[in-house]
Amino acid sequence: MSTQVHSTLSEETVRDISNDLGEPEWLLETRLEALSALGDLDMPQVIRTPGRDWTNLDALDYDSFVDPLGAEEEKERVEPEGVRVLSLSEALDEHGDIVEEHFGSVIDPQENYLTALSTALFTSGTLVYVPKGVDAEDVTIRTTMQSQSLFNYTLVVTEESSSVTILERQDCEPLSGERYYSGLVEIATGENSHVQYGSLQELDEETYNYTLKRGSAADYASVNWIEGNLGSRLTKSSVETTLDGEGSETKIVGAFFGHDDQHFDVAARVWHNTAHTTADLVTRGVLDDEARSVYEGVQDVGTEAWDTSSYQRENTLMLSDGSEADASPKLIINNHDTEASHSATVGQIDKEDLFYMTSRGVQEQLAKNMLVEGFFVPVLDEIEVEELRNDLESKITERLQN
């Protein structure tokens with residue numbers, strides 16, 4: 001069981017946050033219930049491989065980072081025609097019934113210590129609401145943290161036969177000392193609706209980052225995720241889909257590039273809960289210097305998930321002897337009418353490939369850079385959000401050049 005991580009956290013603090021945001025009583029009660037549950041909740045489960053726990057969340061000194069009343073940010077929201085992209089305060093005024101229905105419906109606010117902490121303390125929130133039949137592209141949400149800690153919440157709700165493409169970015173302004181960023185994302189889909197959600201995380205390398213993104217796909221709906229992790233000192237991230245509707249689909253595409261002493265603990269998880277569902281999980285990461293990563297991919301096929309198709313592949317490339325990586329792909333199959341596979345590799349640049357390029361006059365460092373860029377191509381090709389694909393590609397090139 002976890003210990004209390006913030007000694008100055010109180011009911012008064014939570015009431016102050018809720019009052020400043022003008023929240024209704026039901027949301028204040030949700031916050032207070034999450035606060036009171038903290039003493040009984042464990043930290044999120046960390047990825048374990050034989051003989052090793054890769055991430056120790058209990059060791060972080062939350063007491064020194066978390067300052068909920070001092071939260072500051074710069075938020076940019078782009079709202080294309082037909083879709084509403086609102087701060088949570090605006091959403092509660094204009095679409096309070098939608099927020100009340102779906103808040104906490106996909107992620108249990110008391111799922112673990114850090115989700116409860118986020119629920120009690122979030123000051124930054126966004127609702128993306130897509131009405132029936134609307135096709136929306138280019139929804140953009142950019143959060144720039146300007147304080148020692150920030151708790152961010154995003155709720156996406158789509159109605160029947162709608163679609164939306166979302167790009168959410170996280171970065172921060174320079175600030176001395178260690179920092180903490182927490183982000184929860186819930187996606188609740190209507191029948192035959194489609195969500196493409198892309199995220200690019202570029203927090204500074206003094207920031208500890210916890211994110212949990214989870215979507216629920218209704219009948220014939222799809223939830224597709226793209227997750228790019230370049231920043232932070234330590235990232236604990238999980239991207240998940242529950243395929244709750246017949247014929248629903250998900251694709252989870254992930255990319256990370258660690259250097260210096262960055263640490264990435266990343267997971268992709270899908271639950272096949274009903275018939276005729278499809279999932280595809282693709283992740284690639286590169287590590288240099290003394291960076292570390294661990295990946296867990298879970299495909300869970302339930303007893304009612306007839307005619308399931310589920311595929312997973314993860315590859316990590318290490319550029320230095322000081323880097324470390326491991327992977328733990330998992331198949332949990334409880335229905336025999338299933339087609340599924342999983343694979344994971346961890347390795348270094350192929351010496352034969354490097355020799356081939358250098359023997360033909362390519363300078364060794366340039367050859368390595370070209371091989372790394374080529375390594376990411378299968379993931380970049382899966383990214384349908386052009387702006388995110390181009391940005392991720394350019395930032396990978398920039399890091400290699402540095």
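In table form, for the structure just shown:
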item: Calculated [θ] (222 nm, deg cm²/dmol) that DSSP helices of n ≥ 4 give over the chain, each run adding -39,500 (n - 2.57); result: -6500 deg cm²/dmol
item: About the Cα centre, charge dipole magnitude for the stretch 98-254 (Lys/Arg +1, Asp/Glu -1 at Cβ), debye; result: 420 debye
item: Beta bridges by DSSP in the stretch 235-365, antiparallel share as percent, to the nearest 5; result: 0 percent
item: Cα-centre dipole for the stretch 197-254 with unit charges at Cβ (Lys and Arg positive, Asp and Glu negative), debye to 20; result: 100 debye
item: Surface accessible to a 1.4 Å probe, Tyr220 within the full protein complex, Å²; result: 110 Å²
item: Heavy-atom accessible surface of the stretch 222-299: percent carbon and sulfur, 1.4 Å; result: 38 percent
item: Considering only the chain, percent of DSSP beta bridges that pair antiparallel, nearest 5; result: 10 percent
item: Fluctuation leader among Gly51, Gly374, Gly39 - the chain, Gaussian network, Cα springs under 10 angstrom; result: Gly51
item: Computed label-point distance, nm, for sites Arg360 and Trp26 using a 7 Å Cα→Cβ extension; result: 6.3 nm
item: Top positive-direction residue, dipole computed over the stretch 48-116 with Cβ charges, set Gly51, His102, Ser89; result: Gly51
item: Selected from Phe65, Met318, Leu28, residue furthest toward positive end of dipole (the chain; charges at beta carbon); result: Met318
item: Gaussian network model of the chain, springs between alpha carbon atoms under 10 Å - residue of Lys75, Lys236, Lys251 with greatest fluctuation; result: Lys75
item: Solvent-accessible area of Phe103 with every protein chain in place, 1.4 Å probe, in Å² to the nearest 10; result: 20 Å²
item: Share, in percent, of DSSP beta bridges within the stretch 1-155 that are antiparallel, nearest 5; result: 75 percent
item: About the Cα centre, charge dipole magnitude for the stretch 309-382 (Lys/Arg +1, Asp/Glu -1 at Cβ), debye; result: 120 debye
item: Helix runs (DSSP H) in the chain reaching 15 Å along axis by Cα, Kyte-Doolittle at least -0.5; result: 25-37, 364-380
item: Alpha carbon centroid spacing (whole Å) that separates the stretch 362-386 from the stretch 315-350; result: 19 Å
item: Dipole-positive endmost among Thr303, Met357, Thr345 within the stretch 276-366 (Cβ charges, Cα centre); result: Met357
item: Exposure of Arg48 as accessible area (Å², to 10), given a probe of 1.4 Å and all protein chains; result: 130 Å²
item: Dimensionless Rg/Rh of the chain - Kirkwood Rh, Rg from C-alpha atoms; result: 0.96
item: Linear extension gain, Asp135 paired with Glu100, 0.36 nm per residue minus alpha-carbon span; result: 10.2 nm
item: Long pairs among Lys368/Lys395; Lys236/Lys395; Lys251/Lys351; Lys330/Lys368, criterion Cα-Cα beyond 26 Å; result: Lys251/Lys351; Lys330/Lys368
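The values are calculated or read from the model by the stated rules, or taken from the named source; none is laboratory data. Please read all numbers here as calculations on a predicted model, not as lab measurements. With ideal geometry, Cβ positions are generated from the backbone for all residues, glycine too; neighbour counts draw on all protein chains shown. We work out accessible area using only protein heavy atoms, side chains counted, and drop any ligands, DNA or RNA first. Shrake-Rupley method; radii C 1.70, N 1.55, O 1.52, S 1.80 Å.
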